[in-house]
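Shown next, in structure tokens, is the structure this report addresses.
The values are calculated or read from the model by the stated rules, or taken from the named source; none is laboratory data. These numbers come from a predicted model, not from an experiment. No Cβ is skipped: glycine too gets one built from the backbone with ideal geometry, and neighbour counts run over all protein chains shown. The accessibility values were calculated without ligands, DNA or RNA, using every heavy atom of the protein model including side chains. Shrake-Rupley method; radii C 1.70, N 1.55, O 1.52, S 1.80 Å.
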Amino acid sequence: YTTTPPMLPPMTAVRRLGGLVSSVRQVPGMFIGSAVEGALPYPPLSQAPTLPAEWYRSSEHYQLERARIFWTQWHCVGSSDMLSNSRDFITEMIAGWPVIIQRAAKRIQLSKESPPTTLRAFHNVCRHRAGPLALPQETTSLQGDADSVSKKCTGKSSINGFKCRYHGWTYSDTGELRGTPHFDDHWPKDTPTEQKKEAEMRTCTECAPPTLKDFDKSDMGLYPIEVREEFGLIFVRLHSEKAIEMGLNPPVSLEVADRLVPAFDHAYEEMRAAFEGIELESYAFHSLETHVLDCNWKTYVDNYSEGYHIFVCHGDLNNDITAQGDYRVEVSPSGRMMKHVVPLKEDAKASSEGLWVFTYPNLAINVYGQGVSVERMMPLTPTTMAIKYLYLFKPGTSEEEISNSIAGSAQLTVEDKDIAEQVQINLNSGVYTTSRYSPRHENGTYAFHRTVWEACSL
């Protein structure tokens with residue numbers, strides 16, 4: 001799927017708006033430039049169609065997004081204090097790619113673009129026969145379809161490195177293959193040397209097992225992924241030049257990757273500015289909560305990107321807002337980040353106050369007084385996803401405050417889950433194709449769609 005074009009030709013989605021923008025090709029200067037070199041231009045907000053419904057249900061398009069978006073971008077996988085000690089590790093699944101991150105004792109520089117770190121991150125895949133280096137249940141109790149809450153989110157490795165849970169191969173904490181127990185043993189220990197030599201000279205394979213040839217442990221190290229630690233959080237990027245040099249076949253061409261893969265500082269410089277004056281590092285990990293939704297990951301991000309639905313779907317929050325027209329979403333110059341500006345009444349509940357910031361492709365950080373919820377929107381299939389919350393609180397926050405904060409977050413999530421799943425049913429039906437944006441309320445949705453379009457139209 002590295003060369004698969006978007007499911008719709010560039011103009012088909014526009015034409016499906018019928019008479020609304022049927023003459024779009026003839027509008028001078030309608031298309032604006034792209035932030036990604038080589039990407040197809042996207043119409044401006046005042047004239048653009050929304051993304052086509054096919055992109056929310058197509059298996060083929062989902063594979064394109066996995067390659068163009070989730071392989072190339074940075075993703076938050078946890079908070080720094082989840083890995084407080086050497087050999088602590090966490091696992092994560094990023095759009096079908098299992099990864100493992102471990103805290104090591106020694107600080108080293110893993111790549112040219114990253115500072116020295118004690119973190120090590122790899123694909124959670126043994127180079128022998130694809131066994132896991134850690135099992136999900138070793139790090140979290142979040143299993144199955146039910147929504148779950150867990151404080152047990154980290155595992156502890158028995159060695160300074162990694163051990164495959166299938167055949168016991170071991171790796172150093174920098175990924176080099178160290179041990180292959182019994183892998184090349186084909187003679188009983190007490191077999192005389194002369195008998196071995198005589199048997200191995202025969203051509204009959206039944207006389208002696210073949211000796212392992214041309215096997216070099218130095219060629220069988222774990223495939224690394226990029227890792228960074230900022231804002232008291234841990235971020236990873238699947239695309240790694242080192243892994244490709246080791247022989248990993250990436251799902252996206254290097255030419256496309258060069259245009260899409262951002263340096264970490266570039267990807268998050270706008271988020272850093274949005275949280276100026278707020279020390280995210282001062283909040284400590286409390287718990288992890290996961291909600292599984294029957295909708296495409298973009299369906300939920302679309303919902304997060306606007307406040308237009310609040311007066312219909314979020315009764316309690318709507319009661320705390322001064323006026324629906326005062327709610328706005330501020331989009332950064334790059335279009336990768338958006339910040340919600342929520343004007344509240346004087347008697348608004350504390351759980352309604354805060355700073356809500358989204359960074360492309362799927363990370364939202366919501367600050368509520370003494371607490372922070374780090375919200376990660378992870379795709380599972382073309383039409384299912386998981387919302388993974390990290391709840392962080394200031395040391396000394398009372399249990400009552402923590403309970404109220406999590407309860408308020410849970411209520412909003414349930415309300416968003418209900419409407420997003422109903423929208424997905426309609427997207428799947430084939431009745432809806434595409435529509436238009438409200439320039440006043442859906443500028444955030446437009447910015448998100450444009451960034452997705454640019455990635456998928458290269």
Just to be sure before I move on: is residue 41 open to solvent by 20 Å² or more (accessible area, probe 1.4 Å) and modelled with pLDDT of 50 or more in the structure I sent? yes
Hey, any hits in the range 348-361 for a residue that's more than 20 Å from residue 445 (Cβ to Cβ), charged (D, E, K, R) and either crowded, with 22+ Cβ neighbours inside 10 Å or in contact with a Ser or Thr (Cβ under 7 Å, 6 or more places away or on another chain) (or both)? no
Condition (residue is out of contact with any Cys (no Cβ under 6 Å at 6 or more places or on another chain), modelled with pLDDT under 95, under 25 Å from residue 180 (Cα atoms) and buried (at least 17 other Cβ atoms within 10 Å of the Cβ)) applied to the range 78-86: is it met by at least one residue? no
Hits in the range 385-404 - residues which are open to solvent by 30 Å² or more (accessible area, probe 1.4 Å) and under 29 Å from residue 95 (Cβ atoms): 388
Would you check if there is a residue in the range 411-418 being out of contact with any Leu (no Cβ under 7 Å at 6 or more places or on another chain), more than 26 Å from residue 283 (Cβ to Cβ) and open to solvent by 10 Å² or more (accessible area, probe 1.4 Å)? yes
Within the range 51-90, residues being closer than 27 Å to residue 420 by Cβ and among the hydroxyl-bearing types (Ser, Thr, Tyr) number 6
Answer yes or no as to whether residue 369 is under 23 Å from residue 268 (Cα atoms) and open to solvent by 50 Å² or more (accessible area, probe 1.4 Å). yes
Please specify each residue of the range 325-365 satisfying the condition of being among the β-branched types (Val, Ile, Thr) and at pLDDT 90 or above. 331, 357, 359, 365
Would you please name the residue that is farthest from residue 70 (Cα to Cα), looking only at residues in the range 375-409 that are in a strand (DSSP E or B) and aliphatic (A, V, I, L, M)? 392
